[in-house]
2 protein chains.
Amino acid sequence: MDLTALRTANPEHWNKAAAIRALALDAVAAANSGHTGMPIGMADVATVLFEKHFKFDASNPSWPDRDRFILSAGHGSMLIYALLYLAGDSQVTLDQIKNFRQMGAITAGHPENFLVDAVEVTTGPLGQGISNAVGFAMAEEMQRAHYGRKVVDHHTYVIAGDGCLMEGISQEAIGLAGRHQLGKLIVFWDNNNITIDGTVDLSDRTNQVQRFKASGWQVLEIDGHDPKAIDEAIEAAKKSKKPSMIACKTHIALGHAAQDTSKGHGALTDPEQLQAAKDAYGWTGGPFEVPAEIKSQWEEIGARGKSEREAWEARFAELSQQKQDRFNRAYALEAPKKLSATIKALKKQVSETQPSVATRKSSEMALEVINPIMPETVGGSADLTGSNNTKTGDLGVFDTDNRKGRYVYWGIREHGMAAAMNGMVLHGGVRAYGGTFFCFTDYARPAMRLAALSKIPTVFVMTHDSIGVGEDGPTHQPVEHLAICRATPNTYVFRPADTVETAEAWEIALTAKETPSVLALTRQNLPTVRTEHKLSNMVEKGAYVLAEAENKRQVILIATGSEVSVAMEAKAKLEAEGIGTRVVSMPCMELFAEQDEAYRRKILPAGPVRVGIEAAVRAGGWDRWLLGERGQEKKAGFVGMDRFGASAPAGELFEKFGITAEGTVAKVKELLG
Amino acid sequence: MDLTALRTANPEHWNKAAAIRALALDAVAAANSGHTGMPIGMADVATVLFEKHFKFDASNPSWPDRDRFILSAGHGSMLIYALLYLAGDSQVTLDQIKNFRQMGAITAGHPENFLVDAVEVTTGPLGQGISNAVGFAMAEEMQRAHYGRKVVDHHTYVIAGDGCLMEGISQEAIGLAGRHQLGKLIVFWDNNNITIDGTVDLSDRTNQVQRFKASGWQVLEIDGHDPKAIDEAIEAAKKSKKPSMIACKTHIALGHAAQDTSKGHGALTDPEQLQAAKDAYGWTGGPFEVPAEIKSQWEEIGARGKSEREAWEARFAELSQQKQDRFNRAYALEAPKKLSATIKALKKQVSETQPSVATRKSSEMALEVINPIMPETVGGSADLTGSNNTKTGDLGVFDTDNRKGRYVYWGIREHGMAAAMNGMVLHGGVRAYGGTFFCFTDYARPAMRLAALSKIPTVFVMTHDSIGVGEDGPTHQPVEHLAICRATPNTYVFRPADTVETAEAWEIALTAKETPSVLALTRQNLPTVRTEHKLSNMVEKGAYVLAEAENKRQVILIATGSEVSVAMEAKAKLEAEGIGTRVVSMPCMELFAEQDEAYRRKILPAGPVRVGIEAAVRAGGWDRWLLGERGQEKKAGFVGMDRFGASAPAGELFEKFGITAEGTVAKVKELLG
């Protein structure tokens, strides 16, 4: 392709964009891995966006009212690193660019929000970024409704590729954004017609323009290498009340020998071809060299937002002190001081009244007292509001005419919900929680993993957490999902036994700053087991002695959630036969593992027979507590599931699978010999 | 709603449909759980379909050229049970209907293919059925291309609700069906405007008609209670070269007090309201009573396909014996006799030549010899063909002009691929395998679980199985995915160490009849560790002694995949210091767990220090082999990951995380004291 026309038509623009292209070529070549073609293809769009529209201050990339930029096509990470370096970001130095993808560098293969402040969100798994962006845009609407346009008024920009749009989650995101008319969400589609396997039409012939329009978007179609068209499209998008998709016809790896081919997607490292591409760009700088004039033009762009930020700071200072404090507290993910006392009061009350309720109801009881004192919480459910018990009276429903609403009807979109919640939390000012059936952790899983990986304290309210689901049968009965969540690093998996433990779990989940929480909650009623009020949060210890042996201690029963009351029943039977039995409630294995060895030994002393009870597979982390921590194989057993469930009334299923006091007693006696 | 007009316009049709409605009301009321509204709402569509179009023989519901009926909205299971009972299916008796959702009944809460022959596929998790259906329709096209229209010529019908269409996976299915112009796929959309949380527009305002058209579908819009319109639409759909979506405007829980409300979605058990609905239908039968005349009309419908089946059997008999045998063998999921010898020959060759290749390449080497002798295999990849090494030379690419093609470019659609592969295998005649990066198990997970639950031997080729991914970083580096797959019942998780083990794993995967397989394969090269040719398939044992201690045995190193060669290196170092070390390769924990205790003890005798080595989290099933099976806590250790990975060259990552021979030796010495 002869780039002369492009170069000469807008030389100033061209050189700024060429700087991105040259850096992408050099960094990928140096790393000998990465993706060159996308940064090259989208350099024009990114340049115009940053130069003319993007509200950004390189000297303070995290100020609250900045525009958000989300690279949903995260493999093109050199685009964002090049932009940040050029604009003068203090973290992404030339040295970092040179160490792209190397050990210890913040310029990781895919952009990581926990490494670079200006990276809003970790991307790479396709379709996530565009779905996170829906949450960013929702959070912006909510915050704007609360604090006013003078304090909150920014856009969320996304670059998405064909991969993002082929992933199913994108439809969930598109549907949500259209439904809620998120006018400040602007998606650039890098329409280059290339995927790894070849041209897009090998696998898809969807008319994306029609598809977005079907969900209520404004769609603009432009030449993605024409700076004027890009500028005008962004201008039109900013004016729209609908979310906008700008279909940018681009050439992947523009000007390189691999242009318009699937080869252009990956690492373009051939030195001669690299040089030929640079020549075609009219780029004379050596490797990693950006001519001073171009660099200084970019730094002007990076400084452009400074005055906007300062003006914002002045406007922010005009808010009442109370509003400022609330805003800052929520952005810092600090829980209100009242939270602790509120939880304690609830605990005291339920320890006394000892209700027999499902823990999903317990969760609602906790939320009923939490939501009024934490205006930053935003709840929701993937079309199971009445089952997940996620909606409390005071929230209001988020809608086009009620942006203050704090409850989102996510629809049947577990994955989109999880990703959007992650986006909300990362946007700042919001703590998001959302519900579905625990079994459908499966659908939300890619976003749940990213919450853990990128340190987002989203709360996943997962009800119907075992065969206790009953008649809906094995498709709806989780057996391996506790194992899945517990195997994931940096995730708190709570399986509370009653309302007291549920309230304690919520307190931890809503004070966590870098760890997502999964609350596995029952469909069926459970008795209150924490009948003695304690001020301290026992769930915080992960596990604790719920009931000490009365006779000489021969047995420790370790149980979670609905099986804690099974353990208590079994204990009563065993004690009646003179077999001293300690019951350990273990609502959070991760927190127990974090305790010091002395505490763990105190709870699980060597010697007695240990039986774990959980209506799930043993692979869910049990062997460490049964066989490890000075446990002994001959003295350890497990009462749980080793297969998928079945469709029948819940009580009958617990009988069938032996997850009962009788089954537990039998297991204990077998081990005692 | 006054139903008089509907009743009187087509009384014969009405009564047949009313039988479905009455049975759904009675069965759900008796179970006191379930979903009444959907079977009532779609009774007219189902009646017309079965009466006028559906190729079905109740006396032989599994004959190969039957039409397929997939209830994607699986919660409406009483629709399918009522249809089958009425039509005279021998399994779904009146007694089964009366025991809907009860212990031991085949009429489970959601339809289960392993309980009822006429249920093509387990549904319930929304969006799966419509995506399975894409696989069914693809398999039909492939089989038709191979055997001719006289032997293979049937439709795949789907009922999908709003939930199915909101789930992201539906977009993947819609895109695939449109791309491949699956004209024999006909989807009825139960357009009742109701979800559990309320009206659909609470969460979605997508124009579904436009959306399907955007992906190349024919769309027909009808009144879903008008039998003539239904009939004509099906007629038009059957003529279409494009896949067809028939948007059926229906009333959920038609004629019941809960009609057109979200309440109508669930269990309608109020006796008075139930009776009032029956009255509105003009239904005079008592609970579970179907007037003889109506029942006999339905049985005629159920018998209608008998002559079609017999005619088909005659046509089938005209095929060459070879073609018949091949057809029958593939439908029975019998591997060809040659498979075993072919695998042995490959094993022998690589034991001798000892290539150093990535196991993803080993997998390709296995497929290169397998695909030519197993014409029923269909391969594919979610846009990572060159990385997953799933395409062999002889397959040909499935396309509109090459229905014989055995390779599918699935696009960036891991979830849709997995669900469609499940559908292909359930259709019969096809063994499907498909690849993506192991980390994206997350995206495919709901369909992978259903493969396990509903006993489908799909093969998931998961490459790039650890931090060996290198620079792409933690988003692309699985650490918990082995744990996830191993925690799932009825799943073989293979992590082969070299080409020999990979070939053995493929042999097991392609002979399995009821268990899906996950092959976790490396990106990076590995040495051949099975240098001595053995005729027997060692992977079948799950674990085996790869190298015995030379000095007095003090240590057992247990490793999988890429870490087996690390163990061999560590062994060499330890033996050099006089520390006798056995190396156990454990490519499949599930198969090892299935061996008898004597074998397990032989491989893992009590006494020596045990160290597990796997570049993944210990929660991936390790404690059973380290602490259990007569292991001892003081003598057990693990070399692996306890956090997410990082972006850097692979070799440096293994060093950083200590997953090396040196790290292993250090761990052993620490344990030896």
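The values are calculated or read from the model by the stated rules, or taken from the named source; none is laboratory data. The model shown is predicted, which means the values in this text are computed figures rather than measured ones. In this analysis, Cβ positions are derived from the backbone assuming ideal geometry, glycine residues included, and neighbour counts consider all displayed protein chains. Areas reflect the complete protein model, heavy atoms only, side chains present, ligands, DNA and RNA absent. Shrake-Rupley method; radii C 1.70, N 1.55, O 1.52, S 1.80 Å.
Of everything in segment B:592-638 that's more than 14 Å from chain A (Cβ to nearest Cβ) and of a type in the set (D, E, K, R), which residue is least open to solvent (accessible area, probe 1.4 Å)?
B:596
Yes/no per residue for (1) outside any helix (DSSP H, G or I); (2) open to solvent by less than 20 Å² (accessible area, probe 1.4 Å); (3) at pLDDT below 95:
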{"residue": "B:95", "(1), (2), (3)": "no, no, no"}
{"residue": "B:103", "(1), (2), (3)": "yes, no, no"}
{"residue": "B:107", "(1), (2), (3)": "yes, yes, no"}
{"residue": "B:113", "(1), (2), (3)": "yes, no, no"}
{"residue": "B:118", "(1), (2), (3)": "yes, yes, no"}
{"residue": "B:125", "(1), (2), (3)": "yes, yes, no"}
{"residue": "B:133", "(1), (2), (3)": "no, yes, no"}
{"residue": "B:142", "(1), (2), (3)": "no, yes, no"}
{"residue": "B:146", "(1), (2), (3)": "no, no, no"}
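Restricting the first residue to segment A:312-326 and requiring it to be under 16 Å from residue A:375 (Cα atoms) and at pLDDT below 95, which pairs with a second residue that is open to solvent by less than 80 Å² (accessible area, probe 1.4 Å) and among the hydroxyl-bearing types (Ser, Thr, Tyr) meet a Cβ separation below 9 Å and a spacing of at least six or different chains?
none
Taking the condition of being open to solvent by less than 10 Å² (accessible area, probe 1.4 Å), hydroxyl-bearing (Ser, Thr, Tyr) and within 10 Å of another protein chain (Cβ to nearest Cβ), how many residues in segment B:402-444 meet it?
Count: 1.
Looking at segment B:477-508, which of the residues that are surrounded by fewer than 24 Cβ atoms within 10 Å (Cβ to Cβ) and more than 9 Å from chain A (Cβ to nearest Cβ) is nearest to residue A:123 (Cα to Cα)?
Top of the filtered list is B:491.
If residue A:568 satisfies every condition in (1) more than 14 Å from chain B (Cβ to nearest Cβ); (2) within 36 Å of the chain's Cα centre (by Cα) but one, which is the exception?
All conditions pass for residue A:568, except number (2).
What are the pairs, 6+ residues apart or on separate chains, where a residue within segment A:167-185 that is facing chain B (nearest Cβ under 7 Å) and within 16 Å of residue B:208 (Cα to Cα) has its Cβ under 6 Å from a residue that is of a type in the set (D, E, K, R) and assigned to a loop (DSSP other than H, G, I, E, B)?
A:172/A:413; A:175/B:204; A:179/B:204; A:179/B:205
Please enumerate the residues belonging to segment B:264-300 that are assigned to a loop (DSSP other than H, G, I, E, B), among the β-branched types (Val, Ile, Thr) and at pLDDT 95 or above.
Going through segment B:264-300, the residues assigned to a loop (DSSP other than H, G, I, E, B) turn out to be B:266-270, B:282-291.
Filter again for among the β-branched types (Val, Ile, Thr), leaving B:269, B:284, B:290.
Once the filter is applied, which keeps residues that are assigned to a loop (DSSP other than H, G, I, E, B), among the β-branched types (Val, Ile, Thr) and at pLDDT 95 or above, segment B:264-300 yields B:269, B:290.
Exactly one of these conditions fails for residue B:64: (1) touching a Phe, Trp or Tyr at 6+ places or on another chain (Cβ under 9 Å); (2) surrounded by fewer than 18 Cβ atoms within 10 Å (Cβ to Cβ); (3) not acidic (Asp, Glu). Give me its number.
The failed condition is (2).
When you look at residue A:102, is it within 14 Å of another protein chain (Cβ to nearest Cβ), touching a residue at least 60 places away in the same chain (Cβ under 8 Å) and among the polar types (S, T, N, Q), yes or no?
Numbers: within 14 Å of another protein chain (Cβ to nearest Cβ): yes; touching a residue at least 60 places away in the same chain (Cβ under 8 Å): yes; among the polar types (S, T, N, Q): yes.
Considered against the rule, which asks whether it is within 14 Å of another protein chain (Cβ to nearest Cβ), touching a residue at least 60 places away in the same chain (Cβ under 8 Å) and among the polar types (S, T, N, Q), residue A:102 comes out as yes.
For the subset of segment A:509-543 comprising residues that are out of contact with any Phe, Trp or Tyr (no Cβ under 8 Å at 6 or more places or on another chain) and among the polar types (S, T, N, Q), which member is least open to solvent (accessible area, probe 1.4 Å)?
If we take residues in segment A:509-543 being out of contact with any Phe, Trp or Tyr (no Cβ under 8 Å at 6 or more places or on another chain) and among the polar types (S, T, N, Q), then A:522 is least open to solvent (accessible area, probe 1.4 Å).
Just checking, does segment A:235-248 include any residue being surrounded by 16 or more Cβ atoms within 10 Å (Cβ to Cβ), part of a helix (DSSP H, G or I) and among the basic types (Lys, Arg)?
no
If you scan segment B:376-397, which residues turn out to be under 24 Å from residue B:322 (Cα atoms) and crowded, with 18+ Cβ neighbours inside 10 Å?
Matches in segment B:376-397: B:376, B:377, B:378, B:379, B:395.
Return the residues of segment A:351-368 that are among the hydroxyl-bearing types (Ser, Thr, Tyr), in a helix (DSSP H, G or I) and either open to solvent by 30 Å² or more (accessible area, probe 1.4 Å) or farther than 21 Å from residue A:469 by Cβ (or both); say none if nothing qualifies. Outline the logic, then answer.
Taking segment A:351-368 as the starting set, the residues that turn out to be among the hydroxyl-bearing types (Ser, Thr, Tyr) are A:351, A:353, A:356, A:359, A:362-363.
Still in the list and also in a helix (DSSP H, G or I): A:351, A:353, A:359, A:362-363.
Scanning segment A:351-368 gives A:351, A:353.
Kindly check whether there is at least one residue in segment B:331-342 that is touching a residue at least 24 places away in the same chain (Cβ under 8 Å), in contact with a Lys or Arg (Cβ under 6 Å, 6 or more places away or on another chain) and not in a helix (DSSP H, G or I).
Scanning segment B:331-342, I find at least one residue that is touching a residue at least 24 places away in the same chain (Cβ under 8 Å), in contact with a Lys or Arg (Cβ under 6 Å, 6 or more places away or on another chain) and not in a helix (DSSP H, G or I), so the answer is yes.
Out of the residues in segment B:161-181 meeting the condition of being assigned to a helix (DSSP H, G or I) and among the charged types (D, E, K, R), tell me which one is surrounded by the fewest Cβ atoms within 10 Å (Cβ to Cβ).
B:179
So, of the residues in segment A:187-219 that are charged (D, E, K, R) and within 18 Å of residue A:168 (Cα to Cα), which turns out to be most open to solvent (accessible area, probe 1.4 Å)?
Taking segment A:187-219 as the starting set, the residues that turn out to be charged (D, E, K, R) are A:190, A:197, A:201, A:204-205, A:211, A:213.
Keeping just the survivors that are within 18 Å of residue A:168 (Cα to Cα) gives A:190, A:201, A:204-205, A:211, A:213.
Values: A:190: 6, A:201: 64, A:204: 12, A:205: 129, A:211: 3, A:213: 104 Å².
Among those that are charged (D, E, K, R) and within 18 Å of residue A:168 (Cα to Cα), it is A:205.
Return the residue satisfying two criteria in turn: it lies in segment B:456-476 and is facing chain A (nearest Cβ under 10 Å) and on the phi > 0 side of the Ramachandran plot, and of such residues it is surrounded by the fewest Cβ atoms within 10 Å (Cβ to Cβ).
Among residues in segment B:456-476 that are facing chain A (nearest Cβ under 10 Å) and on the phi > 0 side of the Ramachandran plot, the one surrounded by the fewest Cβ atoms within 10 Å (Cβ to Cβ) is B:470.
Take residue A:440 and decide whether it is under 30 Å from residue B:29 (Cα atoms) and of a type in the set (Phe, Trp, Tyr). So that I can check it myself, show each step before the final result.
On the way: under 30 Å from residue B:29 (Cα atoms): yes; of a type in the set (Phe, Trp, Tyr): yes.
In short, yes.
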